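One structure is given here, and the rest of the page talks about it.
A short reminder: the numbers here are calculations on the coordinates, not readings from a lab. As the structure is a computational prediction, the values presented were derived from the model and not from experiment. A quick note on method: Cβ atoms are made from the backbone with ideal geometry, for glycine too, and the neighbour counts reach across all protein chains shown.
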Amino acid sequence: MIAIETKLKGCFVLEPQIFYDNRGYFFESFNLNIFKSLTGVDINFVQDNESRSSRGVLRGLHYQKGEYAQAKLVRVIEGAVLDVAVDLRRNSKTFGEYFSVELTEENKKQLFIPRGFAHGFLVLSKEAKFSYKCDNFYNKESEGGIIYNDVSLNIDWLMNDSELIISEKDKKLPNLNTVKI
């Protein structure tokens with residue numbers, strides 16, 4: 001496995017070593033010792049989540065705040081998504097900046113998103129099965145979000161607004177400049 005730190009400090013793209021043969025493939029999707037040695041991050045994942053969504057579904061941009069802040073390790077099991085992380089750490093040089101990467105069942109890349117970030121993804125394939133590990137438990141009272149089309153972020157979602165399927169809740173999320181993190 002290799003780990004590539006993005007322009008957002010502490011946010012890494014992980015590329016596994018995949019072993020193919022006539023039976024199919026094998027790869028190690030997570031190994032704490034290797035993860036720690038490559039990233040310097042000591043983590044204890046406590047919750048795994050999975051979703052299935054169809055083309056055009058945009059989930060995000062979400063985060064947990066305070067004592068329930070979460071780091072996430074995300075990947076695609078089936079299909080393809082555009083995955084986006086936004087730095088919400090006020091003291092960071094990259095506050096308000098985003099990083100995006102295509103995660104697919106073919107490339108098997110993963111994105112590690114540290115605490116203090118918002119996260120969202122858009123399904124690019126007909127359907128996608130998305131999986132993520134969290135280092136803290138979800139708490140409804142601690143959830144927050146930023147509207148996907150915030151002009152200060154200027155995220156290129158690779159699709160027109162008319163193609164997007166967004167929950168009513170996510171359509172009402174505030175802009176970054178009005179959020180108390």
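Observations, loosely collected:
- Exclusive hit being under 23 Å from Arg55 (Cβ atoms), over 15 Å from the mean Cα position of the chain (by Cα) and among the small types (Gly, Ala, Ser), set Ser131, Ser125: Ser125
- Subset of segment 137-154 (residues that are crowded, with 18+ Cβ neighbours inside 10 Å, touching a strand residue (DSSP E or B) at 6+ places or on another chain (Cβ under 7 Å) and in a loop (DSSP other than H, G, I, E, B)): Ile146, Tyr148, Leu153
- Which listed residue is farther than 18 Å from Glu50 by Cα and in contact with a His (Cβ under 8 Å, 6 or more places away or on another chain), from Gly145, Gly116: Gly145
- The single condition among (1) more than 30 Å from Thr178 (Cα to Cα); (2) touching a strand residue (DSSP E or B) at 6+ places or on another chain (Cβ under 6 Å) that Asn33 does not meet is (2).
- Restricted to segment 64-79, and to residues there that are small (Gly, Ala, Ser) and within 18 Å of Leu8 (Cα to Cα), the residue that is surrounded by the most Cβ atoms within 10 Å (Cβ to Cβ) is Ala71.
- Test: residue in segment 112-126 that is in contact with a helix residue (DSSP H, G or I) (Cβ under 7 Å, 6 or more places away or on another chain), farther than 13 Å from Asp156 by Cα, in contact (Cβ under 8 Å) with a residue 12 or more places away in the chain and in a strand (DSSP E or B): yes
- Remark: pairs (first residue in segment 74-89, more than 23 Å from Glu28 (Cβ to Cβ); second residue assigned to a strand (DSSP E or B) and charged (D, E, K, R); Cβ separation under 7 Å; 6+ apart in sequence or on different chains) = Leu82/Glu102.
- Residue identified as buried (at least 22 other Cβ atoms within 10 Å of the Cβ), farther than 17 Å from Asn139 by Cβ and of a type in the set (A, V, I, L, M) among Leu82, Leu61, Leu38: Leu61
- Taken as a whole, segment 165-178 holds at least one residue that is of a type in the set (A, V, I, L, M), within 16 Å of Tyr98 (Cβ to Cβ) and not in a loop (DSSP other than H, G, I, E, B).
- Per this entry, Ala71 is counted among residues that are closer than 23 Å to Leu176 by Cβ and touching a Pro at 6+ places or on another chain (Cβ under 8 Å).
- Residue count for segment 155-181, restricted to those that are surrounded by 13 or more Cβ atoms within 10 Å (Cβ to Cβ) and among the acidic types (Asp, Glu): 1
- Segment 85-107, residues that are outside any strand (DSSP E or B) and either more than 14 Å from the chain's Cα centre (by Cα) or surrounded by fewer than 18 Cβ atoms within 10 Å (Cβ to Cβ) (or both): Arg89, Arg90, Asn91, Ser92, Lys93, Thr94, Phe95, Gly96, Glu97, Glu105, Glu106, Asn107
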